[in-house]
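Data first, discussion second: the structure below is written as structure tokens.
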Amino acid sequence: MAAPTARSPDAGGFILYLCPALIALSLGLNHAQEITGVPRPRSGCGCGSGSTSRPKAAGSLPEAASDSISLAKQAAVKYSREANVEAQKIAQDHRSHSKPRTNQMVLIPGGVFTMGTDDPGIPQDGEGPARKAHIKQFYMDIYEVTNAEFERFIKATDYITEAETFGDSFVFEGLLSDKVKSSISQAVAAAPWWLPVKEASWKHPEGPDSNITKRMDHPVVHISWHNAVAYCAWADKRLPTETEWEYACRGGLENRLFPWGNKLHPKDQHHMNIWQGDFPHHNTADDGYANTAPVTSFPPNGYGLFNMAGNVWEWTLDWWTVHHTTDEVENPTGPASGKDKVKKGGSYMCHKSYCYRYRCAARSQNTPDSSASNLGFRCAANHLPDYLK
């Protein structure tokens, strides 16, 4: 199985890259040419990590900052409420706004848990080994960041996402209108369900003839890691580390597959939004959704968190690695640098037959400038922001 190169989504979880020869065969391009908005890979074909970096663009953070902490600090300077009075006004109307907000956070108590697994569903992803991790208490968004909450950020800062800057983003083919599909002349034969759609962005998830008017309570998508960091800084929050995310996902349970336990359908009830049917040809949507679901859908886990599995992939702070120590660790933050960022949780496109990544221990990666129609985020914080108290 192969898929687009850097900044592309994974095939529901696999990070896949086309070698130049496959690109040429699929698109009729020579080695010096690129898929629209998609740079050539560094090397190799098929599954695996690695991708070229995007040039600096509006809406991106400076490339000179190669580590997560520096990037987050720069975002805080640029997008913090202290630097934007209107942003402060908008973000602090949590209690007075007429429409319910979904930016609430919950305290995740500190503790020790078993991170990863010794029985990996996808060994090459670095799910193992199982190791003990100590976590300090922190706050986590109860819900994935919604279109409504992200729109507040955009209105306050005039921020431009990377999908908007690049002019395209990847969308699952099954969600596109015939009109949009007919306008796409370039496609990747080895992963035909992912199409580069011009003008696809957070406000036009399936391209120019789509909108989010009736999806304001759905998770925002087509969000790069850089975009997520900028939003979190504006909201006086941050991205969770991979360890924090997995600890929160488990909801106080130990060595369980899912946020609620080991059964996929407890009492014959759906607990997450994933693919049912024959991927990629037919989604029966037995869980009620063929695309994203409202962030309040399905029962919360033991910590009161919604949709920690399925719905959309969620960015974490960490750089990607598949090599982990077996030593007991305290508040690990991942490698100091890297090329790809870790994402967790799986999405509405995941199916066990090809993407068994909707488990707490499962993980995947994308380049920090990647965006797709199944990629979103939620925030964490060391302390509860004042406007939420």
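The values are calculated or read from the model by the stated rules, or taken from the named source; none is laboratory data. Here the structure is a predicted model, which is why all the values come from computation and not from measurement. All Cβ positions, even for glycine, are placed from backbone atoms using ideal geometry, and neighbour counts span all protein chains on display. SASA here: full protein model, heavy atoms, side chains in, ligands and nucleic acids out. Shrake-Rupley method; radii C 1.70, N 1.55, O 1.52, S 1.80 Å.
Would you pick out the residues in segment 292-304 that are in contact (Cβ under 8 Å) with a residue 40 or more places away in the chain and open to solvent by 30 Å² or more (accessible area, probe 1.4 Å)?
We begin by selecting, within segment 292-304, every residue in contact (Cβ under 8 Å) with a residue 40 or more places away in the chain; these are 292-296, 300-304.
Across segment 292-304, the qualifying residues are THR296, PRO300, GLY302, TYR303.
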Query raised in the report: What single numbered condition from (1) β-branched (Val, Ile, Thr); (2) more than 22 Å from the chain's Cα centre (by Cα); (3) within 30 Å of ASP386 (Cβ to Cβ) fails to hold for VAL221?
Result: (2)
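Within segment 131-190, considering only helices (runs of 4 or more DSSP H) that don't extend past its boundaries, which have at least 3 residues that are open to solvent by less than 30 Å² (accessible area, probe 1.4 Å)? Reasoning before the result, please.
On the way: elements: 147-157, 162-166, 178-182.
So the answer is 147-157.
Mind checking whether some residue in segment 314-324 is outside any strand (DSSP E or B) and in contact with a Lys or Arg (Cβ under 8 Å, 6 or more places away or on another chain)?
Narrowing segment 314-324 to residues outside any strand (DSSP E or B): 320-324.
This time we only want the ones that are in contact with a Lys or Arg (Cβ under 8 Å, 6 or more places away or on another chain), so: 320, 324.
Yes, that holds for at least one residue.
Determine which member of the set THR321, THR284 is over 22 Å from ALA380 (Cβ atoms) and of a type in the set (S, T, N, Q). So that I can check it myself, show each step before the final result.
Numbers: THR321 fails: over 22 Å from ALA380 (Cβ atoms).
On inspection, the qualifying residue turns out to be THR284.
Looking only at segment 110-130, which residues are assigned to a loop (DSSP other than H, G, I, E, B), within 22 Å of LYS352 (Cβ to Cβ) and touching a strand residue (DSSP E or B) at 6+ places or on another chain (Cβ under 8 Å)?
Applying the first criterion (assigned to a loop (DSSP other than H, G, I, E, B)) to segment 110-130 yields 110, 116-122, 126-130.
Checking which are within 22 Å of LYS352 (Cβ to Cβ) leaves us with 116-122, 126-128, 130.
Selection gives GLY116, ALA130.
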Query - Lone unmet requirement of (1) in contact with a His (Cβ under 7 Å, 6 or more places away or on another chain); (2) open to solvent by less than 40 Å² (accessible area, probe 1.4 Å); (3) touching a residue at least 60 places away in the same chain (Cβ under 8 Å) for GLU330 - result: (2)
Query - Checklist (1) part of a loop (DSSP other than H, G, I, E, B); (2) within 20 Å of the chain's Cα centre (by Cα) applied to TYR303, failing item - result: (2)
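How about segment 280-291: which of its residues are touching a strand residue (DSSP E or B) at 6+ places or on another chain (Cβ under 7 Å) and either in contact (Cβ under 8 Å) with a residue 24 or more places away in the chain or among the small types (Gly, Ala, Ser) (or both)? Walk me through it before giving the result.
Step one: list which residues in segment 280-291 are touching a strand residue (DSSP E or B) at 6+ places or on another chain (Cβ under 7 Å), which gives 283-284, 287, 289-290.
Within segment 280-291, ASN283, TYR289, ALA290 qualify.
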Query raised in the report: Which of the residues spanning segment 109-130 are crowded, with 19+ Cβ neighbours inside 10 Å and out of contact with any Gly (no Cβ under 9 Å at 6 or more places or on another chain)?
Result: MET115
Query - Odd one out for SER337 among (1) touching a residue at least 24 places away in the same chain (Cβ under 8 Å); (2) open to solvent by less than 60 Å² (accessible area, probe 1.4 Å); (3) not hydrophobic (A, V, I, L, M, F, W, C) - result: (2)
